[in-house]
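Here is the structure we will look at, set down as structure tokens.
The values are calculated or read from the model by the stated rules, or taken from the named source; none is laboratory data. These figures come from a predicted structure and were not determined experimentally. Counting neighbours? That spans all protein chains shown, and the Cβs are built from the backbone with ideal geometry, glycine included. Remember, those area values only see protein heavy atoms, side chains included, never the ligands or the DNA or RNA. Shrake-Rupley method; radii C 1.70, N 1.55, O 1.52, S 1.80 Å.
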Amino acid sequence: MSTPEFPLNVFADLVLDANQLVGATTYVTGVSGSGKSNTMAVIAEEMIDLGVPVAIVDVQGEHWGLKTGFEAILAGDTTRADLKLEPAEYTVLAEAWLKDRVPVVLDFSGHDDEERDEALMFFLDTAWMIANEVRQPCLLILEEVHELCPQQGFGETKQSKRTKKLLIRYAKQGRKLGIGLVAGTQRSAQVSKDLISQARTMIFHKVTFEIDVAFYKR
């Protein structure tokens, strides 16, 4: 059987409404190399162009390039970072994101899991309080969300459970404060279903793992 041919621009007319991203949860999934991170980067850039401040939680250090096109703040333990912060100091990034409306990238590629989860907890706690005050549209992007908000049994720790609880709160109640959430992953089966169930929009790229294919089918 010959392989069917499709025009290269088959998705050229795909349009996402910004109003469907702000104040809602969007889920992006696909294996490495399938375009998932590029999709999320494009969403971030387009929303910033529209004046919506974006915060990216970057587990693998893929989004440092945001600084090349925008006046963004990059925090992390890397040579590219503008700031190197202790976990409790990540509150200043939440203030920059929501009070000063500056795009921020939390690059956790140089942190261990415990330090990452602690820093993210401080960031999310502070951001929620500020968002409740300012009530302005904003967007939180989570890369490799299966590491940040795992399904029960997939590497949870006491600290990660606290962070997971906060992320699910963002997914379920962030709309009331104007917070949009974009969550991306390679492994859908490992992501908390409490978060996935809140997604209004789902963007599926290629998957190969059988258990993740089964998730697609559902």
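Of the peptides 50-58, 209-217, 31-39, how do they stack up when ordered by the mean number of other Cβ atoms within 10 Å, highest first?
Numbers: 50-58: 20.9, 209-217: 12.7, 31-39: 15.6.
Packing order, densest peptide first, comes out as 50-58, 31-39, 209-217.
Identify the GluC sites (Glu not before Pro) of the range 82-175 meeting these criteria: DSSP loop state and at most 16 other C-beta atoms within 10 Å of the C-beta.
Passing both the DSSP loop test and the Cβ count: GLU156.
Out of residues 5 or more away from VAL191 or on other chains, whose amide H comes under 5 Å of its own, with H placed 1.01 Å from N in the peptide plane?
The answer is GLN151.
Averaging over all projection directions, find the projected area of the Cα convex hull of the range 85-218 and quote it in nm² with one decimal place.
With the hull built on Cα positions only, its mean projection is 8.3 nm².
Using only protein heavy atoms and a 1.4 Å probe, report how much of TRP64 is accessible, in Å² to the nearest 10.
It works out to around 100 Å².
When ligands, DNA and RNA are left out and all protein chains stay put, how many square angstrom of accessible area per residue does the chain have with a 1.4 Å probe?
Ligands and nucleic acids excluded, the figure is 52 Å² per residue.
Could you give the distance between the Cα centres of the range 125-146 and the range 48-70, to the whole Å?
Value for the Cα centre distance between the two parts: 14 Å.
Could you compute the net charge surrounding MET47? Neighbours are other residues with a C-beta less than 14 Å from the C-beta of MET47; K and R count +1, D and E count -1.
Numbers: positive: ARG101; negative: ASP17, GLU45, GLU46, ASP49.
With Lys, Arg at +1 and Asp, Glu at -1, the net is -3.
How tilted is helix 36-49 with respect to the longest principal axis of the chain? Cα atoms for both, answer in degrees (0 to 90, nearest 10).
The answer is roughly 50 degrees.
Using only the alpha-carbon atoms, how far is helix 113-134 inclined from the longest principal axis of the chain? Give it as 0 to 90 degrees, nearest 10.
Roughly 80 degrees, rounded to the nearest 10.
Could you tally the net charge around ARG135, taking each other residue with its Cβ under 15 Å from the Cβ of ARG135, Lys/Arg +1 and Asp/Glu -1?
Within the 15 Å Cβ shell, the charges total +3.
Among residues other than LYS176 whose Cβ falls under 14 Å from its Cβ, what is the net charge (Lys/Arg +1, Asp/Glu -1)?
On the way: positive: ARG135, ARG169, LYS172, ARG175; negative: GLU133.
After counting each charged neighbour, the total is +3.
For the chain, what is the mean residue ellipticity at 222 nm derived from helices alone (per DSSP H run of n ≥ 4: -39500 (n - 2.57); sum divided by total residues; nearest 500 deg cm²/dmol)?
After summing the helix terms and dividing by residue count, I get -11000 deg cm²/dmol.
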